[in-house]
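> Please read through the structure below; I'll follow up with questions.
The values are calculated or read from the model by the stated rules, or taken from the named source; none is laboratory data. Here the structure is a predicted model, which is why all the values come from computation and not from measurement. Please note: Cβ atoms are built from the backbone with ideal geometry, for glycine as well, and neighbour counts cover all protein chains shown.
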Amino acid sequence: MKKTNYFNLTLQMALTDFKLKYAGSILGYVWSLVKPLLLFGVLYVVFSIFFRFGEGAKNYPVYLLLGIVMWTFFFDGTMNGMRSIVIRGDLIRKVNFPKIIIVIAAIITAFLSFLLNLIVVFVFLAFSKVDLTIYALAFIPIIIELVILVLGISLILATLYTKFKDFMHIWEVGLQVLFYATPIIYPISLVPDKFVKFMMVNPIAQIFQDARWALISRDVTTSWSAISYPKNLIILAMVLWLVLVGFFIFSKSAKNFAEEI
Amino acid sequence: MREEPIIKVKNLTKVFELPHERYSTMKQHFVNFFRQKYVEKLKALDNVSFEIKKGEFFGIIGPNGSGKSTLLKILAQIFQPTSGQIEITGTLSPFIELGVGFNPELSARDNVFLNAAVLGLSKKETEDRFDEIIKFSELEEFVDQKLKNFSSGMQVRLAFSIAIQAQADILLVDEVLAVGDAAFQQKCFEVFRTLKKVGKTIIFVSHQFNAVEDFCDRVALLHDGRIRSIGETEEVVRKYQQMTLAKRSDTVKEITTVDKRWGTGEVRFKSIKIYDENSSEVSLLKSGQNYSFILDYTLKKRVDKLNVGIGVYSVQGAYCFGVNTKMDGYGLDVGRAVELQIDSFPLNEGEYYYNVVFFGDEETQPYDWVGEAGRFVVESDFLQRGVVVLKYRWKNSN
């Protein structure tokens, strides 16, 4: 196969999965907009009206929505990525191509939903009292960091999942833990000061808070304010380390996937 | 000038390690997690070497489980060889199986784009060839139908139409002709011929030798992971046929030697030869003629007493007759061949086999008892039915 056409294969695989995700449903793609909105609605009622988290953060509804949307991408991306190799086992056993395409395509599928969700976020931003500033441009490198993080984790999990199906369950629990360890539904201002530092070492927390900083308010706690430069660079190093480890173990095992799955 | 080979395979060996999954409970799994697992090693390919030249239509034949598909998958770089080298000059189509990546929930159109991407075509290339693909598949009316509504024949047609668009120098084809009807197979071969004309190399795997015979320039015969024969199609196919036949007679022999022969061993049966009245040896007998059966044997030990018996059965299983020297009270000279003369051979047309027994006093303690020691065929001019031919006449009775 010509190298240039791996791009087309990646794209076709991602688009196919995206189409299939909504095939047979009446609302189709609308679901990728409705789903996070419904989740947002539930969480908003519980945490803003009952628990009054909203008092701890400016523009809590947008804060919450952005968190949910980014979390959904992280969740779908790593889940799709982890299972992708096993799901495409049939293809792997019959055609030779770089296996990483499969993982990348799975993440692109999740990313397409993420882009649709972001439309909802920006509509919300427009209606709330938030003024988008030049800082909003920082959102782009932040998203790139998130994608790299998802790719790194997916590569590691996909490799492990071909050998041990247990990782499906392990990662489900892991995601559950991360969901609560990351300031998604609660504002970080509610967290006791002595924990904030530890909390912000988590790359997901750093990415989410930076995204809120870029789009919503300069007042949110970020790794810059909680850990301070240059110590906070360790988080970036973690993300890079994860993706490098991911590439390494994935490429080491990839040639045996056809025989193992 | 001799042309350089497009594919060079040298000392290729592939060993599969099949783990013995014997742990069933979670606890056992946990306990054995870090231990060495027991694996069974299966040698799928054993020191295989060959070369394929550009433009050849190369066949690989062999019985099921001989390693054909493993070889193809290693050539396609899907499996990693355990040892040995492969050199491939040029691009290789991943044409292992038709319709790889087809999804039943998608329309034919979407599946064309997906499958073409799997085969390495760009989006532009697929768009350019889309009409051609659909036209060849004769599915113009169904382009936007979901694939799950297609018959298997339609799916194969679509898959094949896409597959032939793969822009590679070498095509790998695995048993694709096992599916589809005769007309489709014909169409496949026409395409292969055209591809060959434009200088593509085709490697074709099959266990049906007629397809191989018709189209391959050269063939390799694979058996138990080794190349048993390689060369001109006709010669290799003949060897394959011989091999399959030999295998069948091997099993027959085995039964005879293992299950159908027993005894104390002082005397060993050698052969029975059948002679007609002109003393020429025959294996085709005629009802009503006179024959001599000469039984030959070897003496392994000295015996005082020797009796011989023969029982004849039809292949349908009927016990036709049985005679032995003890019942007849005939004393044999030990060491000399035995002759059994049968006048006016009484069996009707058909195939028969015989058991032979050599014994001393007791037939139940034979020196040598041989089941199905031999076979013969009988022809008949008698207009009679049944196993025997009778000397008889009709008469009006009062």
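> Within segment A:109-163, track down each residue that is of a type in the set (D, E, K, R) and closer than 20 Å to A:PHE208 by Cβ.
Correct list: A:GLU145 only.
> Could you identify the single residue in B:LYS73, B:LYS124, B:LYS135 that is more than 25 Å from B:GLN185 (Cβ to Cβ) and either within 29 Å of the chain's Cα centre (by Cα) or part of a helix (DSSP H, G or I) (or both)?
One residue alone meets the criteria, B:LYS124.
> So B:ALA117 clears everything in (1) touching a strand residue (DSSP E or B) at 6+ places or on another chain (Cβ under 6 Å); (2) facing another protein chain (nearest Cβ under 7 Å) except one condition, right? Which one?
Against the list (1) touching a strand residue (DSSP E or B) at 6+ places or on another chain (Cβ under 6 Å); (2) facing another protein chain (nearest Cβ under 7 Å), B:ALA117 comes up short only on (1).
> It is to be established whether one or more residues within segment B:103-113 are of a type in the set (Val, Ile, Thr) and more than 10 Å from chain A (Cβ to nearest Cβ).
Checked segment B:103-113: at least one residue is of a type in the set (Val, Ile, Thr) and more than 10 Å from chain A (Cβ to nearest Cβ).
> Give me a count of the residues in segment B:342-374 that are part of a strand (DSSP E or B), under 21 Å from B:GLY263 (Cα atoms) and not β-branched (Val, Ile, Thr).
Residues in segment B:342-374 being part of a strand (DSSP E or B), under 21 Å from B:GLY263 (Cα atoms) and not β-branched (Val, Ile, Thr): 13 in total.
> Just checking, how many residues over segment A:161-174 are free of Cβ contacts under 8 Å to residues at least 12 places away in the same chain, assigned to a helix (DSSP H, G or I) and not acidic (Asp, Glu)?
4
> Next question. Please go through segment B:79-97 and pick out each residue that is within 7 Å of another protein chain (Cβ to nearest Cβ) and crowded, with 22+ Cβ neighbours inside 10 Å.
Matches in segment B:79-97: B:PHE79, B:PRO94, B:ILE96.
> For segment B:355-378, give me the residue count where each residue is farther than 18 Å from B:GLY317 by Cα, of a type in the set (Asp, Glu) and in contact (Cβ under 8 Å) with a residue 40 or more places away in the chain.
3
> Within segment B:131-175, work out how many residues are out of contact with any helix residue (DSSP H, G or I) (no Cβ under 8 Å at 6 or more places or on another chain), without any contact (Cβ under 8 Å) to a residue 60 or more places away in the chain and small (Gly, Ala, Ser).
Within segment B:131-175, residues that are out of contact with any helix residue (DSSP H, G or I) (no Cβ under 8 Å at 6 or more places or on another chain), without any contact (Cβ under 8 Å) to a residue 60 or more places away in the chain and small (Gly, Ala, Ser) number 2.
> Quick one: in segment B:45-70, of everything that is within 14 Å of chain A (Cβ to nearest Cβ) and part of a helix (DSSP H, G or I), which residue is modelled with the highest pLDDT?
My answer is B:THR70.
> Can I ask one more? Just need a number here: residues in segment A:89-140 that are within 20 Å of the chain's Cα centre (by Cα) and acidic (Asp, Glu).
0
> Further question: Whether any residue in segment A:2-24 is more than 14 Å from every other protein chain (Cβ to nearest Cβ) and within 21 Å of the chain's Cα centre (by Cα) is what I want to check.
Within segment A:2-24 (the criterion being more than 14 Å from every other protein chain (Cβ to nearest Cβ) and within 21 Å of the chain's Cα centre (by Cα)), the answer is no, since none of the residues qualifies.
Every residue, every condition in (1) of a type in the set (A, V, I, L, M); (2) without any contact (Cβ under 8 Å) to a residue 24 or more places away in the chain; (3) surrounded by fewer than 20 Cβ atoms within 10 Å (Cβ to Cβ), yes or no:
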{"site": "A:GLY77", "(1), (2), (3)": "no, no, no"}
{"site": "A:THR133", "(1), (2), (3)": "no, yes, yes"}
{"site": "A:ALA136", "(1), (2), (3)": "yes, no, yes"}
{"site": "A:LEU149", "(1), (2), (3)": "yes, no, no"}
{"site": "A:ILE153", "(1), (2), (3)": "yes, no, no"}
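> Just give me the residues in segment A:53-98 being more than 14 Å from chain B (Cβ to nearest Cβ) and among the basic types (Lys, Arg), in sequence order.
Once the filter is applied, which keeps residues that are more than 14 Å from chain B (Cβ to nearest Cβ) and among the basic types (Lys, Arg), segment A:53-98 yields A:LYS58, A:ARG83.
> Give me a count of the residues in segment B:367-398 that are under 37 Å from the mean Cα position of the chain (by Cα) and surrounded by 14 or more Cβ atoms within 10 Å (Cβ to Cβ).
11
> Which number in (1) under 19 Å from B:TYR291 (Cβ atoms); (2) of a type outside the set (Val, Ile, Thr); (3) in contact with a Leu (Cβ under 9 Å, 6 or more places away or on another chain) marks the one condition that B:GLY311 misses?
(3)
> Taking segment A:206-244 on its own, how many of its residues are touching a residue at least 60 places away in the same chain (Cβ under 8 Å) and closer than 25 Å to A:ILE68 by Cβ?
17
> Separate question: Return the residues of segment A:116-164 that are closer than 30 Å to A:VAL86 by Cβ and not aliphatic (A, V, I, L, M); say none if nothing qualifies.
A:ASN117, A:GLU145, A:GLY152, A:SER154, A:THR159, A:TYR161, A:THR162, A:LYS163, A:PHE164
> In addition: When the residues of segment B:132-175 are filtered to those that are within 14 Å of chain A (Cβ to nearest Cβ) and of a type in the set (Asp, Glu), which remaining residue is farthest from B:CYS216 (Cα to Cα)?
B:ASP144
Residue-wise test of (1) surrounded by 14 or more Cβ atoms within 10 Å (Cβ to Cβ); (2) at pLDDT below 75; (3) touching a Pro at 6+ places or on another chain (Cβ under 7 Å).
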residue	(1), (2), (3)
B:ALA166	yes, no, no
B:LEU172	yes, no, no
B:GLU175	yes, yes, no
B:GLY180	yes, yes, no
B:ARG193	no, no, no
B:LYS200	yes, no, no
